[in-house]
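The values are calculated or read from the model by the stated rules, or taken from the named source; none is laboratory data. Owing to the predicted nature of the structure, the values given are computational and were not obtained by experimental measurement. All Cβ positions, even for glycine, are placed from backbone atoms using ideal geometry, and neighbour counts span all protein chains on display. Surface accessibility is based on the protein's heavy atoms, side chains included, excluding ligands, DNA and RNA. Shrake-Rupley method; radii C 1.70, N 1.55, O 1.52, S 1.80 Å.
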Amino acid sequence: MIGPRKKTSNERMQIAHSIAQQVIAKYGGNVRAIGIYGSLARKSDGPFSDIELKCVCHQLEHSYSYEWTAGDWKAEVNFDQAEVIIEEAITVEEDWPLTNGKFFDLQPLYDPTGFFLELKDKAAIVENARFKEAICKTIVDEMYEYMGKLRNIAVQGPTTFLPILAMKIAMTGAMIV
């Protein structure tokens, strides 16, 4: 069989720990924290789930990501500088409900200074004004445009775009809620 094969959560955790140790061996004192996120961190992973790690570095020119497969499993390691990941955690954008869950679910594999707990606290105290601004922006930037497209289709067609448009309206509406 080509592609992912069944793995238990314990097997994925062993692989995650091994990857973390390799990152620490390679980058040494520049590593501030390493944690897992996604379904493995939430303990909702399925038998074919991937492994996602976040590596926070003291010094980094730019954020980057390694993504690879090793035959029957897939892993991803995102490298970020602490200031960059903190800013990401407190930024509210239209896809915030999908993208920022990782800041609440991060499970440390290596975190000697408690960085991930600090990060979770910062993500949890985002001001309501930021949410209100993001919702208003989404309504104007996305929903208003989608409604215009929907009305144009009703007037001049073609209706072939309707399924994709319906999906976009539903997804954007879900993000607003």
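Among the residues of region 119-138, those that are among the small types (Gly, Ala, Ser) and either modelled with pLDDT under 80 or in contact with a strand residue (DSSP E or B) (Cβ under 6 Å, 6 or more places away or on another chain) (or both) comprise 129, 134. Only one of the listed residues (69, 172, 160, 113) is open to solvent by 60 Å² or more (accessible area, probe 1.4 Å), of a type in the set (S, T, N, Q) and farther than 30 Å from residue 27 by Cα. That residue is 160.
Within region 53-95, restricting attention to residues that are out of contact with any strand residue (DSSP E or B) (no Cβ under 8 Å at 6 or more places or on another chain) and in a helix (DSSP H, G or I), the residue that is farthest from residue 134 (Cα to Cα) is 83. Under the condition of being open to solvent by 60 Å² or more (accessible area, probe 1.4 Å) and under 17 Å from residue 113 (Cβ atoms), the residues counted in region 47-66 number 2.
Of all the residues in region 15-46, those that are open to solvent by 20 Å² or more (accessible area, probe 1.4 Å) and at positive phi number 2.
Considering each residue of region 19-35 in turn, none proves to be in contact (Cβ under 8 Å) with a residue 12 or more places away in the chain, in contact with a Gly (Cβ under 8 Å, 6 or more places away or on another chain) and either under 30 Å from residue 140 (Cα atoms) or outside any strand (DSSP E or B) (or both). When region 41-52 is filtered for residues that are assigned to a strand (DSSP E or B) and aliphatic (A, V, I, L, M), only 51 remains.
It is to be established whether one or more residues within region 124-144 are more than 23 Å from the chain's Cα centre (by Cα), free of Cβ contacts under 8 Å to residues at least 24 places away in the same chain and on the phi < 0 side of the Ramachandran plot. Yes.
Condition check: open to solvent by less than 80 Å² (accessible area, probe 1.4 Å), over 18 Å from residue 58 (Cβ atoms) and not hydroxyl-bearing (Ser, Thr, Tyr). Does residue 89 satisfy that?
No: the conditions fail for residue 89.
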